[in-house]
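Undergrad: Dropping the structure in here first, questions after.
The values are calculated or read from the model by the stated rules, or taken from the named source; none is laboratory data. Only a predicted model underlies this, so the values are computations on that prediction, with no experimental measurement involved. For neighbour counting, all protein chains shown are included, and Cβ atoms are generated from backbone atoms with ideal geometry for every residue, glycine included. Ligands, DNA and RNA are excluded from the accessible area calculation, which covers all protein heavy atoms including side chains. Shrake-Rupley method; radii C 1.70, N 1.55, O 1.52, S 1.80 Å.
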Amino acid sequence: MTTEPFVIRPLGYSDLPRVMAVERRAFPTPWSLAMFVLELSKPSGVCLAALAEQRLAGYLICARYDRVWHLMNVAVDPALRRRGIASGLLDAMLERAGPEQSYTLEVRTSNAPAIALYERFGFRSAGTRPRYYRDTGEDAMIMWRTAQAPSASGAPG
Ligand SMILES: CC(C)(COP(=O)(O)OP(=O)(O)OC[C@H]1O[C@@H](n2cnc3c(N)ncnc32)[C@H](O)[C@@H]1OP(=O)(O)O)[C@@H](O)C(=O)NCCC(=O)NCCS
């Protein structure tokens, strides 16, 4: 794995054109610009950007509903994957929102890379939502990370 330096900072509205470009390449049914604007407008959310060589390389959106954090979106530029960028975003999310908090997410059951990433961060499957994704009719795996989960980064040692 080539590890290139990247920095994590809060995601801002001015990042959204580049976010949309990555989003369209990352997902069969990308979020609209309005969905990102809505999430950025929520004061309790954790929205992060990863920058490599001063360019937006990835982003993460996590929203809080009552006492549970929902990991809503995470994506990395296809050219910059497997370099630890999503892991850096997840580490920063856990640091900001709190490693002791409860987190949940939905992921396509076919999305092995994302499931492997989430498992590495202590998320565990808690069932499925049948035909959750309207574009393909695919099921969603529901995953939870609770305070009892293993430590954040999953890195050995
Ligand atoms: C899932 C995604 C965000 C991972 O981003 P990334 O920056 O490549 O992830 P990392 O480099 O931090 O990977 C961390 C670990 O996750 C797992 N992982 C990531 N991509 C993987 C792949 N393609 N195959 C298997 N495991 C993978 C590995 O355990 C990896 O550790 P390793 O590289 O030491 O083996 C990226 O593939 C992506 O943007 N996919 C499209 C969007 C998406 O599906 N988002 C999730 C929606 S629920």
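Undergrad: Loop-only GluC sites (Glu not before Pro) in region 42-113, please: DSSP not H, G, I, E or B, and at most 11 other Cβ atoms within 10 Å.
TA: Numbers: sites: E53, E95, E100, E106; in loops: E53, E100.
Qualifying residues, ordered by number: E53, E100.
Undergrad: About the Cα centre, and with charges only on the beta carbon of Lys, Arg (+1) and Asp, Glu (-1), how big is the dipole of region 1-140? Nearest 20 debye, please.
TA: Numbers: 18 positive and 15 negative charges, 27 e Å.
So the dipole magnitude of region 1-140 works out to roughly 120 debye.
Undergrad: Can you list the residues, at least 5 places off or on another chain, whose amide H is less than 5 Å from the amide H of Y133, using H built in the peptide plane?
TA: Under 5 Å from the amide H of Y133: E138, A140.
Undergrad: For region 94-145 and region 63-79, write down the distance between their C-alpha centroids in whole Å.
TA: Value for the Cα centre distance between the two parts: 10 Å.
Undergrad: Next up: Express in Å², to the nearest 10, the accessible area of R145 obtained by rolling a 1.4 Å probe over the protein heavy atoms while all chains stay in place.
TA: Approximately 10 Å² of R145 is accessible to the 1.4 Å probe.
Undergrad: Quantify, in whole percent, the carbon and sulfur part of the accessible surface of the chain (1.4 Å probe; protein heavy atoms only). All intermediate terms of the calculation are to be shown ahead of the outcome.
TA: Numbers: 4660 of 8700 Å².
Whole-percent figure for carbon plus sulfur exposure: 54.
Undergrad: Out of residues 5 or more away from D77 or on other chains, whose amide H comes under 5 Å of its own, with H placed 1.01 Å from N in the peptide plane?
TA: Those qualifying (amide H under 5 Å, at least 5 residues apart or on another chain) are G58.
Undergrad: While we're on this one: Between D91, D15, D135, find the one with the highest GNM mean-square fluctuation for the chain; connect C-alpha pairs within less than 10 Å.
TA: D135
Undergrad: How large is the dipole of region 10-65 about the Cα centre if only Lys and Arg carry +1 and Asp and Glu carry -1, each at its Cβ, rounded to the nearest 20 debye?
TA: Details: 6 positive and 4 negative charges, 13 e Å.
Here the size comes out at about 60 debye.
Undergrad: Which of these, A97, A116, A86, has the largest mean-square fluctuation under a Gaussian network model of the chain (Cα springs below 10 Å)?
TA: Evaluated over the chain, the most mobile residue of the options is A116.
Undergrad: Continuing with this model, one more query. Take the Cβ-Cβ distance between R134 and R55 as r, set R0 to 25 Å, and report the resulting FRET efficiency rounded to the nearest 0.05.
TA: Working: r = 32 Å, r/R0 = 1.29.
Computed FRET efficiency for R134 and R55 comes out at 0.20.
Undergrad: I've got another one for you. How much net charge surrounds G137 when only other residues with a Cβ under 13 Å from its Cβ are counted (Lys, Arg +1; Asp, Glu -1)?
TA: On the way: positive: R108, R129, R131, R134; negative: D135, E138, D139.
Cβ neighbours under 13 Å give a net charge of +1.
Undergrad: How large is the accessible surface of F6 in square angstrom, using a 1.4 angstrom probe and rounding to the nearest 10?
TA: Answer for F6: close to 60 Å² accessible.
Undergrad: Show the residues, 5+ positions off or on another chain, whose built amide H is closer than 5 Å to the amide H of S102.
TA: W69
Undergrad: Keeping all protein chains in place, calculate the accessible area per residue for region 7-145 (probe 1.4 angstrom), answer in Å². Don't skip to the answer; put the middle values down first.
TA: Working: 7260 Å² over 139 residues.
Result: 52 Å² of accessible area for each residue.
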